[in-house]
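> Questions regarding the structure given below will be posed in turn.
Readers should treat all values here as calculations from the given coordinates under stated rules, not as data from a laboratory. Computed from a predicted model, the values in this text were never measured in an experiment. Note that we place each Cβ from the backbone using ideal geometry, even for glycine, and neighbour counts take in every protein chain shown.
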């Protein structure tokens, strides 16, 4: 895997996403063609690379250089990310709001970061 595009394609496939599904995870969404251009090496300087890394949970260092671990954090749920990506934007917003609420409550209850065990 020599290029950013090849690494992006590998990560997208490991997450079970199509180019279109990945494009739709961003807000505002990208086009499938934009993802294809990046994966094919025609837009490796794209400003979207950072956002794609974030939405896929990739380590930036790995995406840019191929060094180290691919993912920051494993996908923690049993439902595939590809299924979540098919949800309409309002549902994704609701899910994000729910997760943020749970993180805030955890911080209030424990006084710790969300990664800290209660």
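> Just a yes or no: is a residue in the stretch 71-83 surrounded by 12 or more Cβ atoms within 10 Å (Cβ to Cβ), in a loop (DSSP other than H, G, I, E, B) and touching a residue at least 60 places away in the same chain (Cβ under 8 Å)?
yes
> Go through the stretch 34-54 and count every residue that is in contact (Cβ under 8 Å) with a residue 24 or more places away in the chain, under 12 Å from the mean Cα position of the chain (by Cα) and surrounded by fewer than 16 Cβ atoms within 10 Å (Cβ to Cβ).
1
> Quick one: how many residues across the stretch 11-33 are loosely packed, with under 15 Cβ neighbours inside 10 Å and touching a residue at least 60 places away in the same chain (Cβ under 8 Å)?
Qualifying residue count for the region: 2.
> Here's a follow-up. Would you be able to say whether some residue in the stretch 95-116 is surrounded by fewer than 12 Cβ atoms within 10 Å (Cβ to Cβ) and either on the phi > 0 side of the Ramachandran plot or in contact with a strand residue (DSSP E or B) (Cβ under 7 Å, 6 or more places away or on another chain) (or both)?
Among the residues of the stretch 95-116, at least one is surrounded by fewer than 12 Cβ atoms within 10 Å (Cβ to Cβ) and either on the phi > 0 side of the Ramachandran plot or in contact with a strand residue (DSSP E or B) (Cβ under 7 Å, 6 or more places away or on another chain) (or both), which makes the answer yes.
> What number of residues within the stretch 1-33 are farther than 20 Å from residue 67 by Cα and either within 16 Å of the chain's Cα centre (by Cα) or in a loop (DSSP other than H, G, I, E, B) (or both)?
Adding up the residues that qualify gives 17.
> Next question. Checking residue 68 against (1) free of Cβ contacts under 8 Å to residues at least 12 places away in the same chain; (2) part of a helix (DSSP H, G or I), which single condition isn't satisfied?
Of the numbered conditions (1) free of Cβ contacts under 8 Å to residues at least 12 places away in the same chain; (2) part of a helix (DSSP H, G or I), the odd one out for residue 68 is (2).
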